[in-house]
Amino acid sequence: MSHHLLIARDLAFAYPDQRPALDGVSFALHHGEAVAIVGANGAGKSTLLMLLTGCLSASRGEVLLGHIRLDKRSLAAFRRSIGFVFQNPDDQLFMPTVFDDVAFGPLNLGVAPADVPEVVSQALAAVGAEALAARAPWQLSGGQKRAVAIAGVLAMQPDILLMDEPSDALDPASRRRLISLLQGFEHSKLIATHDLDLVLDVCTRVIVLGEGRILADAHPLEVFADDALLARASLERPLSMQTRGSAPARPAAANRAGAENG
Ligand SMILES: Nc1ncnc2c1ncn2[C@@H]1O[C@H](COP(=O)(O)OP(=O)(O)OP(=O)(O)O)[C@@H](O)[C@H]1O
Ligand SMILES: [Mg+2]
């Protein structure tokens, strides 16, 4: 199924009056792959995802979905195939209620209105946000907004899922639910994240960005074992790969308080 092949070819982009945010980025996301994009703040992760979804236009290079080049004419087809969760949920949520927001995509894609409530409730249930359906999106907490934004994209049943910091602001149980959901989503995934433990749980390949260029494109265990690369990219080994000694000592103040209270 060639349309599940997403290709970035020599992508470059600069915001007005800025040095290039991306320069010469090339890779292919193959059908069913789960790929992470990692790198320091400002490395170009969000810019890359916005170029791949046509939210920004590349100054050089091209984006291909199978054999179709991303341009004004193909943009609608790209948006049908690619679900994009923005880094900031406020960029995504705009309807008066959570229900309307999650229903917006399926209705636009031509899902029969009678079927939409079921689609919405399944998507909200997948992120544990059923109880929020009647709420106004702008009145939600950061993590609730994130969950609803993810539901809105799931409801469109995309072939390819692009997510920008999907675990940001989620509580541990919601983060765990997201990880299971991503593990169960059998289509292609491209996830920009600082959550390197999520990368280990979900992804089989990591693209490391540094100052707009690809520094590495390899298996997570290979990337996270390369201390020089991690330092260059302002990354650290995921917590679950850091060697654990004996149980961490309790802070002195806590010990004292414990002794006084005990
Ligand atoms: N709207 C904008 N206008 C001007 N420059 C921008 C804009 N958005 C991003 N940049 C710049 O482009 C570069 C890449 O930013 P980008 O948001 O893609 O980084 P990122 O890797 O997603 O960072 P983070 O981890 O903080 O989300 C940075 O130097 C940033 O300052
Ligand atoms: Mg970003």
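Residues that are part of a strand (DSSP E or B) and either away from ligand 2 (no atom under 14 Å from the Cβ) or touching a His at 6+ places or on another chain (Cβ under 7 Å) (or both) do occur in the stretch 73-93, at least one of them. Please identify the pairs in which a residue from the stretch 177-203 that is within 19 Å of LEU5 (Cα to Cα) has its Cβ atom under 6 Å from the Cβ atom of a residue that is within 14 Å of ligand 1 (Cβ to nearest atom) and assigned to a helix (DSSP H, G or I), counting only partners at least 6 apart or on another chain. Going by the 6 Å Cβ cut-off, the qualifying pairs are ALA192/LYS45; ALA192/LEU49.
Residue check: is LEU56 of a type in the set (A, V, I, L, M) and closer than 22 Å to THR204 by Cα? For LEU56, the condition - of a type in the set (A, V, I, L, M) and closer than 22 Å to THR204 by Cα - is not met. Residues in the stretch 28-52 that are within 13 Å of LEU162 (Cα to Cα), crowded, with 19+ Cβ neighbours inside 10 Å and of a type outside the set (Lys, Arg): LEU29, ALA34, VAL35, ALA36, ILE37, SER46, THR47, LEU48, LEU49, MET50, LEU51, LEU52.
Filter the stretch 168-192 for residues that are surrounded by fewer than 22 Cβ atoms within 10 Å (Cβ to Cβ) and within 16 Å of ligand 2 (Cβ to nearest atom); which is nearest to the chain's Cα centre (by Cα)? Only one residue tops the list, namely ASP168. Residues in the stretch 11-40 that are charged (D, E, K, R) and either within 21 Å of GLN87 (Cα to Cα) or touching a Lys or Arg at 6+ places or on another chain (Cβ under 9 Å) (or both): 2 in all. For the subset of the stretch 29-47 comprising residues that are out of contact with any strand residue (DSSP E or B) (no Cβ under 6 Å at 6 or more places or on another chain) and within 11 Å of ligand 2 (Cβ to nearest atom), which member is nearest to THR204 (Cα to Cα)? Applying the filter and picking the extreme gives ALA40. Scanning the stretch 138-159 turns up one or more residues that are more than 18 Å from the chain's Cα centre (by Cα), surrounded by fewer than 18 Cβ atoms within 10 Å (Cβ to Cβ), at negative phi and among the hydrophobic types (A, V, I, L, M, F, W, C). Among the residues of the stretch 41-54, those that are assigned to a helix (DSSP H, G or I) and either within 6 Å of ligand 1 (Cβ to nearest atom) or over 15 Å from the mean Cα position of the chain (by Cα) (or both) comprise LYS45, SER46, THR47. Scanning the stretch 9-23 for residues that are more than 8 Å from ligand 1 (Cβ to nearest atom) and in a strand (DSSP E or B), we see that the one that is surrounded by the most Cβ atoms within 10 Å (Cβ to Cβ) is LEU11.
The residues listed here are SER26, SER57; of these, the one that is away from ligand 2 (no atom under 16 Å from the Cβ), at pLDDT 95 or above, part of a loop (DSSP other than H, G, I, E, B) and not aliphatic (A, V, I, L, M) is SER57.
Conditions (1) at pLDDT 95 or above; (2) farther than 30 Å from GLY24 by Cβ; (3) within 16 Å of ligand 1 (Cβ to nearest atom), marked per residue:
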residue: SER121; (1), (2), (3): yes, yes, no
residue: ALA126; (1), (2), (3): no, yes, no
residue: GLN183; (1), (2), (3): no, yes, no
residue: GLU186; (1), (2), (3): no, yes, no
residue: LYS189; (1), (2), (3): yes, no, no
residue: GLU211; (1), (2), (3): yes, no, yes
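In summary, ALA218 fulfils each of the numbered conditions (1) over 26 Å from TYR15 (Cβ atoms); (2) of a type in the set (A, V, I, L, M); (3) at pLDDT below 95 with the single exception of condition (3).
The values are calculated or read from the model by the stated rules, or taken from the named source; none is laboratory data. Predicted, not measured: the structure shown is a model, and the values here were computed from it. Here Cβ is always computed from backbone atoms with ideal geometry, including for glycine, and neighbour counts include all displayed protein chains.
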